[in-house]
1. Collect the residues in the stretch 1-20 that are surrounded by 15 or more Cβ atoms within 10 Å (Cβ to Cβ) and near the ligand (Cβ under 8 Å from one of its atoms), keeping them in residue-number order.
2. Can you name the condition, by its number, that His91 falls short on among (1) closer than 18 Å to Asp70 by Cβ; (2) touching a residue at least 40 places away in the same chain (Cβ under 8 Å)?
3. Looking at Thr158, Thr153, Thr126, which is the one that is touching an Asp or Glu at 6+ places or on another chain (Cβ under 6 Å) and within 13 Å of the ligand (Cβ to nearest atom)?
4. Got a sec? Which of Ser14, Ser54, Ser4, Ser27 is in contact with a Leu (Cβ under 8 Å, 6 or more places away or on another chain) and small (Gly, Ala, Ser)?
5. Sort out which residues of the stretch 96-113 are in contact (Cβ under 8 Å) with a residue 40 or more places away in the chain, over 22 Å from Ser28 (Cβ atoms) and part of a loop (DSSP other than H, G, I, E, B), and write them in order of number.
6. Condition test on Lys72, is it outside any loop (DSSP other than H, G, I, E, B), away from the ligand (no atom under 16 Å from the Cβ), out of contact with any strand residue (DSSP E or B) (no Cβ under 6 Å at 6 or more places or on another chain) and not hydrophobic (A, V, I, L, M, F, W, C)?
7. Would you say Gln38 is more than 12 Å from the ligand (Cβ to nearest atom), touching a Phe, Trp or Tyr at 6+ places or on another chain (Cβ under 9 Å) and under 16 Å from Gly192 (Cα atoms)?
8. In the stretch 120-162, what count of residues is obtained for those that are part of a loop (DSSP other than H, G, I, E, B) and surrounded by fewer than 21 Cβ atoms within 10 Å (Cβ to Cβ)?
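Read the figures in this text as sums done on the coordinates, not as results from a lab. Note that the structure is predicted; figures quoted are calculated from it, not measured. Cβ sites come from the backbone with ideal geometry, for glycine too, and all protein chains shown count toward neighbours.
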Amino acid sequence: MYQSEPEPELNGRSVFTPRGRVLGGSSSINGLVHVRGQREDFDAWARLGNAGWSYGEVLPYFRKSEDQQDGKSEYHGAGGPLPVSALPDRHALCDAFIAAAGEIGIPRNDDFNGEHQEGAGYYHATARSGRRASCAVAYLRPVRKRSNLCIQTGALVTRIRFDGRHAVGVDYQLRGASYTLRAHREVLLCGGSFNSPQLLQLSGLGRRRYSLVTAFRSCCTRQVSVKVSRIISTSALSGSARNRSRSTTRWLQSRVGSRWGCAMSCCVAAP
Ligand SMILES: Cc1cc2nc3c(=O)[nH]c(=O)nc-3n(C[C@H](O)[C@H](O)[C@H](O)COP(=O)(O)OP(=O)(O)OC[C@H]3O[C@@H](n4cnc5c(N)ncnc54)[C@H](O)[C@@H]3O)c2cc1C
């Protein structure tokens, strides 16, 4: 868990910032909401000179990654490693929220990964049969026995080693001891949006100060979304032992309920 420095752009507020320090990273603790980036963002990046990043060019990779329970379509893939499902549960509060959005002119949207993202509706989740599909579950677990893959948990990388402008290895700590790994070919840095730049800074690269707001701006410039989660999901999780046991029983019987918290949510997105 991190707490940001007071952010000048946020009126001096400090932002609570959880991160998944676990196999699968933050995809192992996230809200499971499957809403891909917005067409206009990708196209803007391509216009800025980033070849290969237009929506039309990245869509085939999104489709390839997905195993959409409703099957293949122009915007969705089937048979990929990442299960994507419609939420199995509906709730009167979410229905009322979506209806209220309609009353003020926000269109109903039952697929935020379809032709348009604007609107209000239930979103899809990276889960199947009530179980989370983290990156570790979708991508790592199927290949973890490969002879050319070594997974080292509990290791903290402290520096990337460079030979001139080329990354040639990393230093890391594990159970109180320090190690260096030399790369035969390349170093791929995927420590997440906060720890990747931090590691670059620790290695002597990049800005001295990295603002949280700058990070958000650079990842998402257009999409705004508001999410409503069914109140029972949090109260059941944090409630009495009896409540928790009841919600676990419900999950075991039907694979819906607070153990799959986002199964009860909807959102409104605006470009
Ligand atoms: C609470 C929360 C809710 C979210 N909800 C959603 C959602 O509903 N839908 C959605 O699409 N996205 C959601 N996100 C965002 C999404 O999970 C992230 O965008 C995504 O996981 C980023 O993937 P990543 O591989 O870039 O980084 P991460 O998932 O953060 O993975 C980075 C990995 O690198 C490891 N690491 C970092 N530094 C070091 C180091 N120095 N040494 C060794 N290992 C290191 C970390 O332990 C972690 O395993 C949420 C995120 C959070 C935190």
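1. Let us first name the residues in the stretch 1-20 that are surrounded by 15 or more Cβ atoms within 10 Å (Cβ to Cβ), namely 4, 7, 19-20.
Arg19, Gly20 - these are the residues of the stretch 1-20 that are surrounded by 15 or more Cβ atoms within 10 Å (Cβ to Cβ) and near the ligand (Cβ under 8 Å from one of its atoms).
2. With respect to (1) closer than 18 Å to Asp70 by Cβ; (2) touching a residue at least 40 places away in the same chain (Cβ under 8 Å), His91 is out only on (1).
3. Exactly one residue qualifies, and that residue is Thr158.
4. On the way: Ser14 fails: in contact with a Leu (Cβ under 8 Å, 6 or more places away or on another chain); Ser54 fails: in contact with a Leu (Cβ under 8 Å, 6 or more places away or on another chain); Ser27 fails: in contact with a Leu (Cβ under 8 Å, 6 or more places away or on another chain).
None of the other options fit; the residue is Ser4.
5. Here is the first cut: in the stretch 96-113, the residues in contact (Cβ under 8 Å) with a residue 40 or more places away in the chain are 97-98, 101, 106, 109, 112-113.
So of that shortlist, the ones also over 22 Å from Ser28 (Cβ atoms) come out as 97-98, 101, 106, 109, 112.
Scanning the stretch 96-113 gives Ile106, Asn109, Phe112.
6. Numbers: outside any loop (DSSP other than H, G, I, E, B): no; away from the ligand (no atom under 16 Å from the Cβ): yes; out of contact with any strand residue (DSSP E or B) (no Cβ under 6 Å at 6 or more places or on another chain): yes; not hydrophobic (A, V, I, L, M, F, W, C): yes.
So Lys72 does not fit the description; no.
7. Numbers: more than 12 Å from the ligand (Cβ to nearest atom): yes; touching a Phe, Trp or Tyr at 6+ places or on another chain (Cβ under 9 Å): yes; under 16 Å from Gly192 (Cα atoms): no.
Considered against the rule, which asks whether it is more than 12 Å from the ligand (Cβ to nearest atom), touching a Phe, Trp or Tyr at 6+ places or on another chain (Cβ under 9 Å) and under 16 Å from Gly192 (Cα atoms), Gln38 comes out as no.
8. In the first step, residues of the stretch 120-162 are kept if they are part of a loop (DSSP other than H, G, I, E, B); the result is 123, 126, 129-130, 133-134, 144-155.
Applying the additional criterion that residues be surrounded by fewer than 21 Cβ atoms within 10 Å (Cβ to Cβ) yields 129-130, 144-155.
Summing the residues that are part of a loop (DSSP other than H, G, I, E, B) and surrounded by fewer than 21 Cβ atoms within 10 Å (Cβ to Cβ) in the stretch 120-162 gives 14.
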